[in-house]
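Shown next, in structure tokens, is the structure this report addresses.
The values are calculated or read from the model by the stated rules, or taken from the named source; none is laboratory data. What you see is a predicted model; the values in this text were computed from it and never measured. Positions of Cβ are backbone-derived with ideal geometry, glycine not excepted, and every protein chain shown enters the neighbour counts.
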């Protein structure tokens, strides 16, 4: 389990150390350590129930981890300990945005409004916490214009400009996925966490999603994603971490992970003693 | 259904007879004990019973015949009309709205502005007392309360069953501060609003971690606590006796409406003494307060905080994932709603000249909430219409003395207020489950402003 075969030229944006999460007697995550590097797409994969979403919920503050340290380093060098921040502060202060496995849009608001709500904190400040905004000062109006420009930019990226004035609940499934990503991007994140963004998409929508994710990465935003669809993972990610039963079983480049016997065993469901055999064979074969 | 109308009448009539008989049997079973048998006390005060077969027969016949007619004739007729329309391919909804529809708000506002003078002209001074006070002011107070509650329930999606508590805080703030310290209405109006908002925050802080049903129950309890404190803290509030002789509002300190005072409004303008001028003045005060509430609500909806309220109603978890502090967002909604309740309360105190805990029972909260739900959560126009229908309707009921001719001399129509209230709610909710105005106006748009259908918006879960 060598720590990554990719070069270490990029600095780390997120460092998870000795993360454990217990639900009653169930150990959902057991002493997990991983790193996500700045400007890269890191994928978190594993069979159902491996604890991927739990890791996400710990990173984004929806769960308080039982143990462990989650360090996020922003571009300006400031470090934040995510397990000590409240959930909304993780987005507001530390610059981590997320999407959900089951899409959570504001379905009664229009697509544009969804993107404006995401800019809440910036607009709140510009409106002098509502009081100055009620007076309609020019500084606030400028901020509103800027927020609409930003929304337009992401509408264009997500290919939703035509539907900007429709209620979000009226969009087809694939468009809702893209809107959720665009909404998360409107919070100005440095790390974007996507929980199964390709779930339920058809091949064409899936390809559009890959393009969108590459564009986001090219803007300098790091991505951490959970995905089941191996083709998506192998195609877009720079770095893959594999979980099984709350523990890391492999970590490295897509090619490295793809050929890791433990990963193959985990996905194909080989018996434990057989895994030992497979590993022994691999080692005998002199691949390492 | 359409196929059976095509095949001919005997089939439909047979079905109608069957359904009619069935309805008659159901009605007979339902009303047998309620209507067919009556208990009463005889001369010795013993409880005995007698039968009312005639009345029961009328009930059963009405049910059976109306079911027969509806299945046999009315429904086929409607179906034929629908079929004809579908064949001709004409859309039922026309895009062109009528003049009245398009300018509804302007017409309504102009009407409200001239309403007191209109009633003066038509029914004279003495007659317009009733129309300005009982109808105008009474309805507008409820419009304001419902618009205030709309911020909490309609926009932020927090179910508040104790809204009347803030109304009470406002009313007692004015009543107590004016009678103990002699402060004027115009000083105490903003102060009662601020005090009510403060109570909103004090209540909200521990309560807002609760969601949905739990929040509703706790706010209900809070409403009752405030009322019980008002009843039992007799040293300050005089308990159930209430506080009377509350000072009238002055014309911004220039003229007074007290008949005896030196700078009385009536004397200054050389008018004959009548309380109608004060009522008209109060009408414009509450109208201005309503307009303020509407203006602030409309402005706030377009501000980030207002959008955050609506987002909170739609999905709280998504809000948190976008970096929105849901606790402060909920608190501001609670405080803003409570503030308008406080304004309305202090106005209520000065208008009545008397406050007692009787005015702030749970039923008031329920009525205000019912107005918000009937009107369509979030829609100012719908809520105003609902307030007119609900409050105006109960006032109209008092006027319906002709019903005594029908139901006998001991019939008091206003006693049936709640019955009609319930009936109206059921009918509206059957035909318009999202209230009078179920759609939502978006707060921002790129190309065109299109109303969002009520089927997409959520009610919120606290």
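When residue A:166 is tested against (1) within 10 Å of another protein chain (Cβ to nearest Cβ); (2) over 29 Å from residue A:52 (Cα atoms); (3) surrounded by 19 or more Cβ atoms within 10 Å (Cβ to Cβ), only condition (3) is not met. State the number of residues belonging to the range A:61-82 that are surrounded by 20 or more Cβ atoms within 10 Å (Cβ to Cβ) and out of contact with any helix residue (DSSP H, G or I) (no Cβ under 7 Å at 6 or more places or on another chain). Total satisfying the criteria: 0. Comparison of B:415, B:419 shows that the only residue that is surrounded by fewer than 15 Cβ atoms within 10 Å (Cβ to Cβ) and at pLDDT below 75 is B:415.
Name the residues in the range B:430-449 that are surrounded by fewer than 12 Cβ atoms within 10 Å (Cβ to Cβ) and either touching a helix residue (DSSP H, G or I) at 6+ places or on another chain (Cβ under 7 Å) or away from chain A (no Cβ under 14 Å) (or both), would you? If you could, list the steps in order and put the result at the bottom.
Residues of the range B:430-449 surrounded by fewer than 12 Cβ atoms within 10 Å (Cβ to Cβ): B:430-431, B:433, B:447-448.
Within the range B:430-449, B:430, B:431, B:433 qualify.
In the condition set (1) part of a loop (DSSP other than H, G, I, E, B); (2) surrounded by fewer than 17 Cβ atoms within 10 Å (Cβ to Cβ); (3) more than 14 Å from every other protein chain (Cβ to nearest Cβ), residue A:102 is compliant with all but (3). If the condition is being in a helix (DSSP H, G or I) and either more than 27 Å from the chain's Cα centre (by Cα) or at the interface with chain A (Cβ under 7 Å from one of its Cβ atoms) (or both), then the range B:320-329 contributes B:320, B:321, B:326, B:327, B:328.
For the range A:106-116, give me each residue that is more than 7 Å from chain B (Cβ to nearest Cβ) and over 20 Å from residue B:154 (Cβ atoms). Scanning the range A:106-116 gives A:111, A:115. Selection over the range B:273-319 of residues that are free of Cβ contacts under 8 Å to residues at least 60 places away in the same chain, farther than 30 Å from residue A:125 by Cβ and either in a loop (DSSP other than H, G, I, E, B) or within 14 Å of chain A (Cβ to nearest Cβ) (or both) gives a count of 1.
The residues in the range A:29-70 that are over 25 Å from residue A:261 (Cβ atoms) and over 15 Å from the mean Cα position of the chain (by Cα) can be counted, and the count is 7.
Restrict the check to the range A:38-60 and report whether at least one residue is crowded, with 17+ Cβ neighbours inside 10 Å, within 8 Å of chain B (Cβ to nearest Cβ) and at pLDDT 85 or above. Yes, that holds for at least one residue. Does at least one position in the range A:61-72 carry a residue that is more than 8 Å from chain B (Cβ to nearest Cβ), without any contact (Cβ under 8 Å) to a residue 24 or more places away in the chain and under 20 Å from residue A:224 (Cβ atoms)? Yes, the range A:61-72 has at least one match. Condition first: more than 14 Å from chain B (Cβ to nearest Cβ) and buried (at least 20 other Cβ atoms within 10 Å of the Cβ). Can you find one or more residues in the range A:178-186 that meet it? Yes - at least one qualifying residue is present in the range A:178-186. Regarding the range B:401-414, can at least one residue be identified that is away from chain A (no Cβ under 14 Å) and under 30 Å from residue B:172 (Cβ atoms)? Yes: one or more hits. The set of residues from the range A:14-28 being modelled with pLDDT of 85 or more and either within 14 Å of another protein chain (Cβ to nearest Cβ) or buried (at least 19 other Cβ atoms within 10 Å of the Cβ) (or both) comprises A:14, A:16, A:19, A:21. Of the numbered criteria (1) surrounded by 16 or more Cβ atoms within 10 Å (Cβ to Cβ); (2) in a helix (DSSP H, G or I); (3) more than 26 Å from the chain's Cα centre (by Cα), the one residue B:247 fails is (2).
A count restricted to the range A:80-89 and to residues that are outside any loop (DSSP other than H, G, I, E, B) and more than 8 Å from chain B (Cβ to nearest Cβ) stands at 5. Against the numbered list (1) touching a strand residue (DSSP E or B) at 6+ places or on another chain (Cβ under 9 Å); (2) crowded, with 20+ Cβ neighbours inside 10 Å; (3) more than 8 Å from chain B (Cβ to nearest Cβ), residue A:126 comes up short only at (1).
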